[in-house]
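Worksheet: one structure, shown below.
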Amino acid sequence: EAERERLMQEEEEARRREEEAEAERERLRQDEEEAARRQKEAEEAEAERRRLEEEAERARAIEEESRRAAEEAAEAERDRLMQEEEAARRREEEAEAERERLRQDEEEAARRQKEAEEAEAER
């Protein structure tokens with residue numbers, strides 16, 4: 001009777017240890033699943049960070065290209081205005097020279113007219 005009682009207790013103890021081992025295996029399986037889930041989340045977060053970083057780099061490149069294009073356009077506009085200003089200055093100088101030539105022509109015509117009148121009077 002005592003032996004049967006001892007065997008039953010050992011059996012109960014073995015069953016309890018098996019249940020504890022099963023519970024431990026289940027806990028480890030859940031821990032592994034949780035670790036795998038966290039690893040996947042970390043990889044997804046890293047992929048998102050890289051995507052955002054690449055997007056930011058593309059935005060910086062576009063911004064730099066836009067700035068460079070705007071600077072080039074402004075420089076081209078400054079050059080065009082300077083050329084127009086130079087052309088206007090040349091036209092003004094040419095007009096001034098033409099006015100001077102016409103003034104001298106008028107003086108010469110007036111001088112000849114006076115000489116002709118004096119010669120007529122003398123004659």
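Here are the numbers for the structure shown:
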{"item": "Test for E115: is it at pLDDT 95 or above and within 52 Å of the chain's Cα centre (by Cα)", "result": "no"}
{"item": "Any hit, segment 12-27, residues being more than 24 Å from the chain's Cα centre (by Cα) and either surrounded by fewer than 10 Cβ atoms within 10 Å (Cβ to Cβ) or of a type in the set (S, T, Y) (or both)", "result": "no"}
{"item": "A42 vs. criteria open to solvent by less than 80 Å² (accessible area, probe 1.4 Å) and more than 46 Å from the chain's Cα centre (by Cα)", "result": "no"}
{"item": "Residue pairs meeting the criteria (Cβ under 6 Å; at least 6 apart or on separate chains; first modelled with pLDDT of 95 or more, in segment 12-34; second part of a helix (DSSP H, G or I) and open to solvent by 80 Å² or more (accessible area, probe 1.4 Å))", "result": "none"}
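The values are calculated or read from the model by the stated rules, or taken from the named source; none is laboratory data. Quick caveat, the model's predicted, so the values are computed rather than measured. For neighbour counting, all protein chains shown are included, and Cβ atoms are generated from backbone atoms with ideal geometry for every residue, glycine included. To get the accessible areas, we keep the full protein, side chains included, count just its heavy atoms, and leave off ligands, DNA and RNA. Shrake-Rupley method; radii C 1.70, N 1.55, O 1.52, S 1.80 Å.
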